[in-house]
Amino acid sequence: MLSNLVNAGYLRLCVLTQYKSHSLDRHISQTWRLSGFAGEYITPVPAQQRLGPRWYTGSADAIMQSLNLIYDEDPDYIVVFGADHVYRMDPEQMVSHHIDSGAGVTVAGIRVPRS
């Protein structure tokens, strides 16, 4: 998913990682280096236990415990993707559709046959 986001021009990214994520954090830091020009970055954010003595209990909780990062950046839009899913989409197309629709929230999905 990082490749999709970078290729779509999203160059200020936080990757929320779970408990014991050292190897993933190192991979992101060493492999996904941006120039730093104009505030470009991809940074791993290890679980912080900001709201008590527990690790993230899921994706929504990870975002909740990391809202300070969003408030600090004050972005116009926030794009959230689960790292445990496979994506074959252009995130810019989804964001453009979201903006054009005027919706408060947009969720992407595909229909899966029942059989």
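Any read-out appearing in this document is the output of simple, stated calculations on the displayed coordinates, not a laboratory observation. What you see is a predicted model, and the numbers here were worked out from it, not measured in a lab. All Cβ positions, even for glycine, are placed from backbone atoms using ideal geometry, and neighbour counts span all protein chains on display.
Hey, what number do you get for the chain at 222 nm if only DSSP H runs of n ≥ 4 count, each worth -39500 (n - 2.57), divided across all residues, to the nearest 500?
Using -39500 (n - 2.57) per qualifying helix, the result is -9500 deg cm²/dmol.
May I ask you to order 35-42, 21-28, 104-111 by the average number of other C-beta atoms within 10 Å around their residues, highest value first? Write down the numbers at each step before the final one.
Details: 35-42: 10.8, 21-28: 13.5, 104-111: 7.6.
Packing order, densest peptide first, comes out as 21-28, 35-42, 104-111.
Would you mind computing, in nm to one decimal, how far apart the modelled labels at residue 76 and residue 2 are, each placed 7 Å from Cα along Cα→Cβ?
Output for this residue pair reads 2.6 nm.
What is the extension gain from residue 87 to residue 68, computed as 0.36 nm multiplied by their sequence separation minus the C-alpha to C-alpha distance, in nm to one decimal?
The residue 87-residue 68 span can extend by a further 4.1 nm.
Between residue 110 and residue 24, what length in nm is gained on full extension when 0.36 nm per residue of separation is reduced by their alpha carbon distance?
Values: separation 86, 0.36 × 86 = 30.96 nm, distance 2.82 nm.
Once the chain is fully extended between residue 110 and residue 24, it gains 28.1 nm.
Bin width 10 Å, alpha-carbon pairs only: give the P(r) of the chain as whole percents, running from 0 to the bin holding the largest distance.
11, 39, 37, 12, 1
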